[in-house]
Every structure is written in structure tokens, then in C-alpha cells.
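Trainee: Encoded as C-alpha cells, here's the structure I'll be asking about.
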Amino acid sequence: MSDMANLESLNPMGLLMITPTRMDKIEAAPNTPLASTDPITELKNALHPLVQYLIIERIIDHVDDARSYVLVPDVAKGTESLAYFSAGQYLSISLAIDGATVSKPYSISSAPVGALKGAYTITVKRSDGGFASCYILDNWKEGDSVVASGPEGLFTYEGIRDAKQVIGLAGGSGITPFLSLARAVVSGTEDFCLTLLYGSRTSAGILFKDEFDALEAACAKIKVVHILSDEEAEGYEQGFITAELIKKYAPAEDYSLFICGPQAMYNFLDAEIEKLDLPHKFIRHELFGEVKNPEKNADYPADALGYEYKLVVNIRDEKVETRCAASETLMVAMERAKVPVPTQCRSGECGFCHSYLISGDVYMPASADGRRLADSRYGYIHPCSTFPLSDVELEVPSK
């Protein structure tokens, strides 16, 4: 094609000349409605639903005031099957408590294959001051309806990143994602070796002791070491999970560390893990749940506690004014004021609740500041991990 022909093909007037032809073809086309969904959208909705309606099929009691809840699809409300998940992920459970809507993440403790058979299992352990856990344990019954998100979270094994040998560090109810990971290894869904160091107060309070004994007996890739902080007993390690204890059970080759437990455990372990000099990619932290006790962080202003501040929330076309104590997150204050804030992880990671800070001074623990660089640069915060240091005004996204 000549240069002149090329120039003519780029002439915009040529596009206008074909308009009548295009209109004729449109008029002649059959008036057949387009498909309401396409295969890609159907797959996306199946794997990543915004909401799942579930029913409590069975409740299982455990030691130390913990219970497991087996959840199945509520077909009558439109959930015909469960979204598949990766071992280590969680569901964000929506709870209506005293007129306020609260979302709380709970790790799935069942194996991923269970979702294909129509059931999830989550495990809830009562914690001191645990608003959601106490409500669930005191109120949920078999047959009750439950509203949940699709599977969320990044506490999963990735062969392209993680070593084939994994050392799991768990404390308290932080054992639940490891139960799912171990079950996935035993069922063949995952392929890695898991050595689990599990800290409990006493031997009588070990959660899922029988289940892990059975998994360890069934598969050579699973090894469980129990550490007791408040008791000395034969066959158990005593004290806390330290760098020396990790080295004792770690393999000679590369290994990944997966850590899940209460915030106090993270505060202790982070210093111990530094002694191991592991590449950062081999260290995986799970969300530790509600961010509390900001005063325990060295960089928290010493004179900030004991104050209560005005919190103004702009959401849609509404403006809500409430109070927020320096010791509580903005998220907790908004939920108490019945502001419908979108949230999933409640640990500063997922960004579901990211909100624009219009005015005010706030404090975010570095360990719970999961903002993207752009959010941080342009004045956005995660209310679930942010504490007020003055009167605050926010613009919050609607659900």
C-alpha cells in the first residue's frame, strides 16, 4: 500500500461515510435480548461472591470455651453453592447486634474440599472483651441464618513464593487456619511439609488436640509440637515460642514461617524472628484481629490516653456526629453510632474501610498500617486500625 493510501485510510471523514451502512446493519439485526450473564461473570460470582447466605447446620463444642460452626448454603435466600477457598483464608461474618451491624473475620478451619461438598466450618473462641465472639457463643443456634462474605485473606501457601518446608507458629485461636492448612496437605490439595509449634497455657486447654494427633498420624508431612506456658508436662515444650525453639525444629534447608495468634504474641515473636535472619518473603503474618491497646506501642504519645474526642462521619449525603475514646479505633466508635461502615479484616490490611481523613490527628500502629502508598500519600486511613489524637472528621465509603 502506498503512503498516500495509508493517509487516506486514516482520514476521519471516511468513518463518517460508513455511518449509514452501520445503521442499516443495526436495523436489520434480529431483536434478540443479550444474555443476562456470560461464563466469565458466572465464574467470578461463583468464586468471589460479595455475600453468601448460610445456615448453621451443626455446632461442635471444644475445650477452653470454643465452638465450631458448620455452615451450609441457605438456598432459600439465593446461595446455592459455596465459593471455593484456599486453606488459610477467612470469612467476614456480618452480625446485627443491638441495632448496629458489625463485621468480624473468622478463619475457615475445614479443608478446601469441604466447600465442594457444601460446607464451611469456622471456629470461635471466647476472648475477654470480645464483642463479636461473646455474641456468637451466647446466641448462635443450629438452624440460624448467617451472612458472610466470600473467602478472603492472604494467609495461604504459594509455591512460587514459599519454601517446601513450613514452620507454623500458633497461639490460642490462631490455630484455626493451620487446621485448614494441615487438612489440605493430608487431602492432597496442598503439597508442603508443615511443622506446627502451637502455644497453649495448659495441656487441658489445647484446642484441636485430637484432630491434629489424627492428622499427624495420617501424614508424614505433618508434625505438631505443643508448648505450654503455664504448665510443665512430659512430652511438651515449656515456656514461649522463641528463636531458639524455632531453630530446634527448623530444617537445615530453606523454610517459611507462618504466624497466627493474638497481638501480644506478634509483639513478642517479631523480635525473636529478627534473630533468625530469614528473607522477608519467607515470613507470613496472618491478621491478628481487632487492633487494641495502642499505648503498648513505643511510639504512641504518652499523654494521649484518657481523652475522648468528637468524631464527625460523612457517609453518602449524611453527617453523623459521635464520640470516640483515644483507646478505641474509629471503626468501633462508628459501629457504636450505627454507621454502616464497610469492613472485612478489621486489622488494617484489606483496605475495605479506607476513608478520607478530612481533618484531625490520628495514630496508626506501624504493624497495622496496611495502606497502599497512594492512600497514605493522599490522606486516606483505615479506620479499623486508627485511633484519634484530636477531634476527627472523615469521609467514609458507603456499603
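Trainee: Could you name the lysines whose alpha carbon sits less than 27 Å from that of Lys310, not counting residues in the same chain fewer than 8 places away?
Mentor: Qualifying lysines at Cα under 27 Å: Lys104, Lys292, Lys296, Lys319, Lys338, Lys399.
Trainee: What aspartates and glutamates could a cross-link reach from Lys209, if we take a straight Cα to Cα line under 20 Å and drop same-chain neighbours fewer than 8 places away?
Mentor: Candidates past the 8-residue exclusion: Asp61, Asp64, Asp65, Asp230, Glu231, Glu232, Glu234, Glu237.
Trainee: Something else now. Using the Kirkwood radius built from alpha carbon pairs, what does the Stokes-Einstein equation give as D for the chain at 4 °C and 1.567 mPa s, in µm² per second? Before the final figure, lay out each step's value.
Mentor: On the way: Rh = 23.9 Å.
Stokes-Einstein gives a translational diffusion coefficient of 54 µm²/s.
Trainee: What percent do you get for the relative contact order of the stretch 165-285 when only Cα pairs under 8 Å and 6+ apart count? Please list the in-between numbers first.
Mentor: Numbers: 187 pairs, mean separation 37.0, N = 121.
That works out to 31 percent.
Trainee: I've got another one for you. Quote the charge dipole size of the chain about the Cα centre in Debye, to the nearest 20; the model charges only the Cβ of Lys and Arg (+1) and of Asp and Glu (-1). Kindly include the intermediate steps, with their values, before the conclusion.
Mentor: Details: 36 positive and 56 negative charges, 117 e Å.
In total the dipole reaches around 560 debye.
Trainee: Can you list which of the GluC sites (Glu not before Pro) found in the stretch 101-181 are DSSP loop residues with at most 12 other C-beta atoms within 10 Å?
Mentor: Values: sites: Glu142, Glu152, Glu158; in loops: Glu142, Glu158.
The qualifying sites are Glu142, Glu158.
Trainee: Applying a 10 Å radius around every beta-carbon, put 277-285, 227-235, 199-207 in order of their mean neighbour count, most first.
Mentor: Working: 277-285: 13.9, 227-235: 12.1, 199-207: 18.0.
Put in order of decreasing packing, that is 199-207, 277-285, 227-235.
Trainee: Further question on the same structure: Give me the log10 of I(q) over I(0) for the stretch 165-285 at q = 0.19 Å⁻¹, as the Debye formula computes it from C-alpha points; what are the numbers?
Mentor: Each listed q corresponds, in turn, to -1.05.
Trainee: In µm²/s, what is D for the stretch 172-219 at 20 °C and 1.002 mPa s, where D = kT/(6 pi eta Rh) by Stokes-Einstein and Rh is the Kirkwood radius from Cα pairs? Don't skip to the end; give the middle numbers.
Mentor: Values: Rh = 11.3 Å.
Translational D for this selection: 189 µm²/s.
Trainee: Compute all pairwise cysteine Cβ distances in the chain, then list the cysteines with no distance under 4.7 Å to another cysteine.
Mentor: Cysteines of the chain left without a disulfide-compatible partner: Cys134, Cys193, Cys219, Cys260, Cys324, Cys353, Cys384.
Trainee: May I ask you to sort Tyr309, Tyr378, Tyr84 by Cβ crowding, counting other Cβ atoms within 10 Å and putting the fewest first? Could you put the intermediate results ahead of the total?
Mentor: On the way: Tyr309 19, Tyr378 10, Tyr84 15.
By the 10 Å Cβ count, ascending, the order reads Tyr378, Tyr84, Tyr309.
Trainee: Still on this model: Could you please rank Thr32, Thr189, placing first whichever residue has the fewest other Cβ atoms within 10 Å of its Cβ? The partial results should precede the final answer.
Mentor: On the way: Thr32 6, Thr189 16.
Result, fewest neighbours first: Thr32, Thr189.
Trainee: Starting from one equal scatterer on each C-alpha and no solvent at all, send me the Debye-based log10 I(q)/I(0) for the stretch 38-93 at q = 0.14, 0.16, 0.17, 0.24 Å⁻¹, two decimals.
Mentor: Log-scaled intensity ratios, in q order: -0.49, -0.61, -0.68, -1.09.
Trainee: Sticking with this one: What ranking, highest mean first, results for peptides 350-360, 171-181 when packing means the other Cβ atoms within 10 Å averaged over each residue?
Mentor: Values: 350-360: 18.1, 171-181: 26.4.
Packing proxy ranking, top to bottom: 171-181, 350-360.
Trainee: At q = 0.14, 0.18 Å⁻¹, what is the base-10 log of I(q)/I(0) for the stretch 44-148 according to the Debye formula with one equal point scatterer per Cα and no solvent? Please give it to two decimals.
Mentor: Ignoring solvent entirely, the Cα scatterers give -0.51, -0.86.
Trainee: Among DSSP beta bridges whose residues both lie in the chain, state the antiparallel percentage, nearest 5. All intermediate terms of the calculation are to be shown ahead of the outcome.
Mentor: Details: 45 of 74 bridges.
Here the antiparallel bridges make up roughly 60 percent for the chain.
Trainee: Something else: Got a sec? Charge dipole of the stretch 44-148, +1 on Cβ for Lys and Arg, -1 for Asp and Glu; which of Val75, Ala100, Leu50 is way out at the positive end?
Mentor: Positive-most Cα among the choices belongs to Leu50.
Trainee: So, one more: Gain in length, Glu274 to Lys247, computed as 0.36 nm per residue apart minus the alpha-carbon separation, to one decimal in nm?
Mentor: Working: separation 27, 0.36 × 27 = 9.72 nm, distance 1.25 nm.
Here the segment from Glu274 to Lys247 would lengthen by 8.5 nm.
Trainee: Order of 37-44, 386-393 by packing, highest average Cβ count within 10 Å first? Kindly include the intermediate steps, with their values, before the conclusion.
Mentor: Values: 37-44: 10.1, 386-393: 20.8.
Sorting 37-44, 386-393 by mean packing, highest first, produces 386-393, 37-44.
Trainee: Taking the beta-carbon count within 10 Å as an exposure proxy, list Ile167, Ile259, Ile60 from fewest neighbours to most.
Mentor: On the way: Ile167 26, Ile259 23, Ile60 11.
Neighbour counts put them in this order, fewest first: Ile60, Ile259, Ile167.
Trainee: Okay, next question. Only helices at least 15 Å long along their axis, Cα-based, and averaging 0.0 or more on Kyte-Doolittle count here, so list those DSSP H runs from the chain.
Mentor: Details: long enough: 176-187 (17 Å, 1.17); 263-274 (17 Å, -0.18).
Helices passing the filter in the chain: 176-187.
Trainee: How much length is gained on full extension from Phe240 to Val63, taking 0.36 nm per residue of separation minus their Cα-Cα distance?
Mentor: On the way: separation 177, 0.36 × 177 = 63.72 nm, distance 2.08 nm.
Here the answer is 61.6 nm.
Read-outs throughout are calculated quantities, based only on the coordinates presented, and are distinct from any laboratory measurement. Predicted model only: the values in this text are computed from it and were never measured. Virtual Cβ from ideal backbone geometry, glycine too; neighbours counted across all protein chains shown.
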